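These notes are about the structure you will find just below.
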Amino acid sequence: MKKIKVFFTILLCISNFTLFMGTPSTVYAAEASDEELLNDEAEAVAEEEGEPDTRIIPKGVTIGGMDVAGLTVDEANGVIDDYYSKYDSVKFTLNANEQNFTATGADLCIGPKDPEVTVKAATYGSYGNFAERFKASKDMEEGRTKDFALSTGANKTGLITYLNAASEQVNDEASDDYLTRENGEFVFHEGTSGVVVQIEESADVLVDYIENKWDGNDATVDLVTEVKEPRGSKEELAEIKDCLGSFSTDYSSSSANRKQNVANGVSFIDGTILYPGDEFSVLNAITPFTAENGYQLAGSYENGTTVETYGGGICQVSTTFYGAVREAELEVVTRNCHSMIVTYVPASQDAAISESGGKDFQIRNNKNYPIYIEGYCDGGHAYFNIYGKEEDDPGHEVKYETEITAVNVQNTTWVADAARPLGQMATTVGGHTGVTAKLWKIVYENGQEVSRTVYNNSKYNPSNRTVVVGIASEDPNLSAAMLQAVSTQDPNTIAAAIATYAPGVSNSTPFVITPKYQVTNPGNSNSQPAEPAQPATAPAETTVPDTTTVDTQNAPI
């Protein structure tokens, strides 16, 4: 009894001395709760990402009755993990929608309710107010033990991840009311209700059960479900009767494989209904680009060159759809131009798709009524029509014009070919002219222009062409002279060498590229037509500003 009185007398004296001298900064820390201090301690360790926690747990400290004194925090965590591993194979039958599936303790992330219990053990005696820290230190000095309770719990974040995937086994998704277009007419089809697992609520139920009701053995738990009713109604979908926008592109000159890819991609979009506010991803609708999904090998852009990939040509699908979206004046959420210019639409009117690069074409239904997307092919053309309820006045009209703001002519790489006759040329890589362009949206009301705005900006990279020049000759001097001319990479020098050393050689390959495109300016209604581009004496390059996001990954063209 005397020892206890002396102890509290000391505490009282220290407390009075503290008040007399003023409050030191350490006292402010004592105002925080033990839990806050421990959280701060844990966060400080967590910030040292990848660094082992080597703090030592003091003598006499146990966790759930297990002796962990002298272990580091990481070592103690291993002991805790071993303790809970006995629950990894325990089976939980999870009921939902009159069905069930089985999960294990490992699936449900069973472990300590307090994951920071080892940090608390290692820092015992260094948190709390002065009296608590003093008592903890005194207890350890005098050999008294401290046991930290070990309660069982489940990691909710891990549970949510598991349920998001596993609940698909029992979910019965609602089927919205929908339309089909048959013989030029819309046919209504009634949807069905569904039952789906509520992930957050079900995770809470499992955490509560494991922490408060579970006895450690196999168990059965009912998950939380919700009935989902189909969207739409016959009356609402009956409003879809007006064609809001149409667009088509020509692919009649494509290979059989490319034609198959275009028709396949269009079929995945055909019949889509978007309710007001709905977003639609073309990439999600038409992927994966695999043989199993109906795609063939055909040409696509990859890092500035053309290669054979499954789904080659699919960008003509998204580009055609982009045209119909513009005409219907739907909201564009995401659109990317190609890395190099395509030929089936004018510059700035394309929309690239790239599964590996994540390039997508996404739209949102910004109308007040549902819309129906119709897509079809006739073997040589791809078509998209967008139907809905016309909300604009009859005199409302939109047009789109491409403006070429800069042309960047590709360079030519000249390569000597010892197997080809002297002076004979052949193009092995065609190359592309680079273009910077913008698309103007012009709105008319009753035939009068009321607005003209930039709809998008696009930049298409040039790619070099490669031309081989023959240097084979019975006269080594002529071969050497031609080789020297080719090494200059100057078209005038090469042309002069061919005329001198190989007169009469017939070549159709041009020495200088005449640009296919010229700068235009439809943004200025008072401007005069631009002068035709003049052939240059050597490949020229015009600096162009970077005005858009460019698809530099794989993009089927």
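Quick notes on this structure:
- Exclusive hit being assigned to a loop (DSSP other than H, G, I, E, B) and either outside the structural domain of THR334 (by TED's automatic domain parsing) or free of Cβ contacts under 8 Å to residues at least 60 places away in the same chain (or both), set THR514, THR509, THR453, THR493: THR514
- Some residue of the range 422-439 being surrounded by fewer than 18 Cβ atoms within 10 Å (Cβ to Cβ) and without any contact (Cβ under 8 Å) to a residue 24 or more places away in the chain: no
- Members of the range 261-278 that are crowded, with 19+ Cβ neighbours inside 10 Å and free of Cβ contacts under 8 Å to residues at least 60 places away in the same chain: ASN264, GLY265
- Among the strands (runs of 3 or more DSSP E) confined to the range 146-265, the ones with at least 3 residues that are outside the structural domain of ALA121 (by TED's automatic domain parsing) and out of contact with any Lys or Arg (no Cβ under 8 Å at 6 or more places or on another chain) are located at 242-250.
- Against the criterion of being in the same structural domain as VAL429 (by TED's automatic domain parsing), surrounded by fewer than 19 Cβ atoms within 10 Å (Cβ to Cβ) and not in a strand (DSSP E or B), ASP350 does not qualify.
- Boolean, ALA154 is under 26 Å from ASP81 (Cα atoms), buried (at least 18 other Cβ atoms within 10 Å of the Cβ) and among the aliphatic types (A, V, I, L, M): yes
- For the range 323-358, the set of residues classified as among the basic types (Lys, Arg) and within 24 Å of HIS396 (Cα to Cα) consists of ARG326 only.
- Only residues that are within 12 Å of THR225 (Cα to Cα), touching a residue at least 24 places away in the same chain (Cβ under 8 Å), in contact with a Leu (Cβ under 8 Å, 6 or more places away or on another chain) and of a type in the set (Val, Ile, Thr) were counted in the range 188-208, giving 2.
- Any hit, the range 155-168, residues being closer than 30 Å to GLU201 by Cβ and of a type in the set (Phe, Trp, Tyr): yes
The values are calculated or read from the model by the stated rules, or taken from the named source; none is laboratory data. Nothing here was measured: the structure is a model prediction, and the numbers come from that model. So basically every Cβ, Gly included, is an ideal-geometry build from the backbone, and we count neighbours across all protein chains shown.
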